[in-house]
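Novice: Please see the structure below; I have some questions.
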Amino acid sequence: LYFHSMRQIRLKRAEIEKQFIGTVLTDYDALVDGRKASVHHAESQEMDADSITLLHGDDLETSVAVSGIVSKVTSQLSLPIMELTKRLDAICPAVQVTERINPLGPQKLCDAFVAAAEGLDLDIRVRLILLKLFERLVMQNLQPFYASANALLIGAGILPDLKHRG
């Protein structure tokens, strides 16, 4: 099972990376262009008691794993994520940017990865291991990325004094 899964992942890695990056770029373009329909898609999938009962088996386990990753990263990097979200909101007047729909935020990054990996025929145990590796190798290393993104926007004059506000 694991060797077959590793082979499948290795063979489709470039495709997964391309789809992941494409999804992130599409989400960013939609946000900047103000296309609310695709931007608010993530908000319509928020978990509540009714939607949890509609999820079955593997989808529920994947959703719980993603929620855990997002929660962990958001708590560890709350300030840079909040600053980036506010700066993106300042440059996207047609849409109110929240952390949940921020195309560079933990939720959208996880959603993009899960979507990119959907084409793989993997057992749920392997899928959860893959998500754990994504968390460890990508999500837990977002601090420099958020620092660079915020610095770039500050350099462009977008809310440069944000962290000094009370």
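Novice: Do we have residue 108 as among the charged types (D, E, K, R), open to solvent by 60 Å² or more (accessible area, probe 1.4 Å) and in contact (Cβ under 8 Å) with a residue 24 or more places away in the chain here?
Specialist: Values: among the charged types (D, E, K, R): yes; open to solvent by 60 Å² or more (accessible area, probe 1.4 Å): no; in contact (Cβ under 8 Å) with a residue 24 or more places away in the chain: yes.
It is false that residue 108 is among the charged types (D, E, K, R), open to solvent by 60 Å² or more (accessible area, probe 1.4 Å) and in contact (Cβ under 8 Å) with a residue 24 or more places away in the chain.
Novice: Looking at this structure, is residue 142 open to solvent by less than 30 Å² (accessible area, probe 1.4 Å), at pLDDT 95 or above and farther than 19 Å from residue 19 by Cα? Before the answer, list the steps.
Specialist: On the way: open to solvent by less than 30 Å² (accessible area, probe 1.4 Å): yes; at pLDDT 95 or above: yes; farther than 19 Å from residue 19 by Cα: yes.
Yes, satisfied.
Novice: Still on this model: Taking into account only those residues within segment 80-102 that are over 12 Å from residue 146 (Cβ atoms) and part of a helix (DSSP H, G or I), which is most open to solvent (accessible area, probe 1.4 Å)?
Specialist: 86
Novice: Out of segment 1-43, which residues are within 22 Å of residue 108 (Cβ to Cβ), open to solvent by 90 Å² or more (accessible area, probe 1.4 Å) and modelled with pLDDT under 95?
Specialist: 33, 35, 36, 37, 41
Novice: Considering only residues that are assigned to a helix (DSSP H, G or I) and over 14 Å from the mean Cα position of the chain (by Cα), which ones fall in segment 103-131?
Specialist: Initially, segment 103-131 is screened for residues assigned to a helix (DSSP H, G or I), giving 106-117, 124-131.
124, 125, 126, 127, 128, 129, 130, listed by residue number.
Novice: OK, next. Applying the selection to segment 145-166, what residues are in a loop (DSSP other than H, G, I, E, B) and either farther than 11 Å from residue 87 by Cβ or open to solvent by 60 Å² or more (accessible area, probe 1.4 Å) (or both)? Even if it seems obvious, please write down each step before you answer.
Specialist: To start, the set of residues in segment 145-166 that are in a loop (DSSP other than H, G, I, E, B) comprises 156-161, 165-166.
Within segment 145-166, 156, 160, 161, 165, 166 qualify.
Novice: In segment 56-67, how many residues are loosely packed, with under 15 Cβ neighbours inside 10 Å and more than 11 Å from residue 106 (Cβ to Cβ)? So that I can check it myself, show each step before the final result.
Specialist: Here is the first cut: in segment 56-67, the ones loosely packed, with under 15 Cβ neighbours inside 10 Å are 56-59, 64, 67.
Filter again for more than 11 Å from residue 106 (Cβ to Cβ), leaving 56-59, 64.
The qualifying residues number 5.
Novice: Taking the stated definitions as given, is residue 129 free of Cβ contacts under 8 Å to residues at least 24 places away in the same chain, over 17 Å from residue 26 (Cα atoms) and surrounded by 14 or more Cβ atoms within 10 Å (Cβ to Cβ)? Please lay out each step first, then the result.
Specialist: Numbers: free of Cβ contacts under 8 Å to residues at least 24 places away in the same chain: yes; over 17 Å from residue 26 (Cα atoms): yes; surrounded by 14 or more Cβ atoms within 10 Å (Cβ to Cβ): yes.
Yes; evaluated as a whole, the condition is true for this residue.
Novice: State yes or no: is residue 72 surrounded by 18 or more Cβ atoms within 10 Å (Cβ to Cβ), part of a helix (DSSP H, G or I) and either in contact with a Cys (Cβ under 9 Å, 6 or more places away or on another chain) or among the basic types (Lys, Arg) (or both)? First the steps, then the outcome.
Specialist: Working: surrounded by 18 or more Cβ atoms within 10 Å (Cβ to Cβ): no; part of a helix (DSSP H, G or I): yes; either in contact with a Cys (Cβ under 9 Å, 6 or more places away or on another chain) or among the basic types (Lys, Arg) (or both): yes.
Considered against the rule, which asks whether it is surrounded by 18 or more Cβ atoms within 10 Å (Cβ to Cβ), part of a helix (DSSP H, G or I) and either in contact with a Cys (Cβ under 9 Å, 6 or more places away or on another chain) or among the basic types (Lys, Arg) (or both), residue 72 comes out as no.
The values are calculated or read from the model by the stated rules, or taken from the named source; none is laboratory data. As the structure is a prediction and not an experimental result, all values here were calculated from the model. Please note: Cβ atoms are built from the backbone with ideal geometry, for glycine as well, and neighbour counts cover all protein chains shown. Heads up: the accessible areas ignore ligands, DNA and RNA and are worked out on the full protein's heavy atoms, side chains in. Shrake-Rupley method; radii C 1.70, N 1.55, O 1.52, S 1.80 Å.
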